[in-house]
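S.K.: Please read through the structure below; I'll follow up with questions.
The values are calculated or read from the model by the stated rules, or taken from the named source; none is laboratory data. No experiment lies behind these values; they were computed from the predicted model shown. FYI the Cβ positions are ideal-geometry reconstructions off the backbone, even for glycines, and counts take in every protein chain you see.
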């Protein structure tokens with residue numbers, strides 16, 4: 001688990017940046033299942049004004065800067081706008097907020113992600129059932 005001091009450094013750094021509406025800590029560092037090999041997963045919701053390329057460049061800069069600040073290369077930053085719905089849901093699932101500069105953007109993103117994830121989960125379960133049914137027919 002990241003230390004309180006490390007978390008404060010991350011929060012302070014992210015707050016100093018322009019262009020971020022919301023940032024989440026997620027993954028093993030957020031759910032209490034981290035170990036010595038665990039990376040630090042941070043999901044960022046950038047402001048709408050940035051293109052995909054600009055968000056990618058900003059993501060790389062954040063990873064590099066935090067790596068220097070925390071003296072580790074085990075940092076992963078996810079651009080929530082380009083992530084798939086399963087990753088988006090994983091990021092918001094524990095609601096471990098590192099930064100909220102725009103609460104409306106946070107609320108809208110979380111609501112949209114929850115809706116998309118429920119649809120996604122339904123179709124994944126159907127697909128899994130169909131796959132298992134097909135496999136059981138072949139295996140017999």
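S.K.: If a residue must be free of Cβ contacts under 8 Å to residues at least 60 places away in the same chain and under 15 Å from residue 7 (Cα atoms), how many such residues does the stretch 64-79 contain? Please lay out each step first, then the result.
M.R.: Restricting attention to the stretch 64-79, the residues satisfying the condition of being free of Cβ contacts under 8 Å to residues at least 60 places away in the same chain are 64-68, 71-79.
Then drop every residue that is not under 15 Å from residue 7 (Cα atoms), which leaves 65-68, 71-72, 74-77.
Of the residues in that region, 10 qualify.
Yes/no matrix, rows are residues, columns are (1) part of a helix (DSSP H, G or I); (2) without any contact (Cβ under 8 Å) to a residue 40 or more places away in the chain; (3) surrounded by fewer than 19 Cβ atoms within 10 Å (Cβ to Cβ); (4) at negative phi:
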| residue | (1), (2), (3), (4) |
| --- | --- |
| 56 | yes, yes, yes, yes |
| 62 | yes, no, no, yes |
| 81 | no, yes, yes, yes |
| 90 | yes, no, no, yes |
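S.K.: Can you pull out the residues in the stretch 14-33 that are over 17 Å from residue 54 (Cβ atoms), out of contact with any strand residue (DSSP E or B) (no Cβ under 7 Å at 6 or more places or on another chain) and at pLDDT 95 or above?
M.R.: 16
S.K.: Does residue 109 satisfy the condition of being in contact with a helix residue (DSSP H, G or I) (Cβ under 9 Å, 6 or more places away or on another chain), touching a residue at least 40 places away in the same chain (Cβ under 8 Å) and more than 25 Å from residue 2 (Cα to Cα)?
M.R.: yes
S.K.: Next up: Only one of (1) free of Cβ contacts under 8 Å to residues at least 24 places away in the same chain; (2) within 26 Å of residue 2 (Cβ to Cβ); (3) exposed (fewer than 12 other Cβ atoms within 10 Å of the Cβ); (4) more than 15 Å from the chain's Cα centre (by Cα) fails for residue 123. Which number is that?
M.R.: Among (1) free of Cβ contacts under 8 Å to residues at least 24 places away in the same chain; (2) within 26 Å of residue 2 (Cβ to Cβ); (3) exposed (fewer than 12 other Cβ atoms within 10 Å of the Cβ); (4) more than 15 Å from the chain's Cα centre (by Cα), the lone unmet condition for residue 123 is (2).
S.K.: Mind checking whether some residue in the stretch 104-122 is modelled with pLDDT of 95 or more, assigned to a loop (DSSP other than H, G, I, E, B) and either on the phi < 0 side of the Ramachandran plot or in contact with a strand residue (DSSP E or B) (Cβ under 9 Å, 6 or more places away or on another chain) (or both)?
M.R.: no
S.K.: Same structure again: Tell me the residue from 76, 41 that is in a strand (DSSP E or B) and either surrounded by fewer than 16 Cβ atoms within 10 Å (Cβ to Cβ) or modelled with pLDDT under 95 (or both), please.
M.R.: Testing whether each residue is in a strand (DSSP E or B) and either surrounded by fewer than 16 Cβ atoms within 10 Å (Cβ to Cβ) or modelled with pLDDT under 95 (or both) leaves just 76.
S.K.: Here is a follow-up. In the stretch 92-103, which residues are exposed (fewer than 13 other Cβ atoms within 10 Å of the Cβ) and part of a helix (DSSP H, G or I)? I'd like the intermediate steps shown before the answer.
M.R.: Residues of the stretch 92-103 exposed (fewer than 13 other Cβ atoms within 10 Å of the Cβ): 95, 103.
The answer is 103, and nothing else.
S.K.: Can you tell me which residues in the stretch 1-22 are in a helix (DSSP H, G or I), surrounded by fewer than 16 Cβ atoms within 10 Å (Cβ to Cβ) and touching a residue at least 12 places away in the same chain (Cβ under 8 Å)?
M.R.: 9, 11, 15
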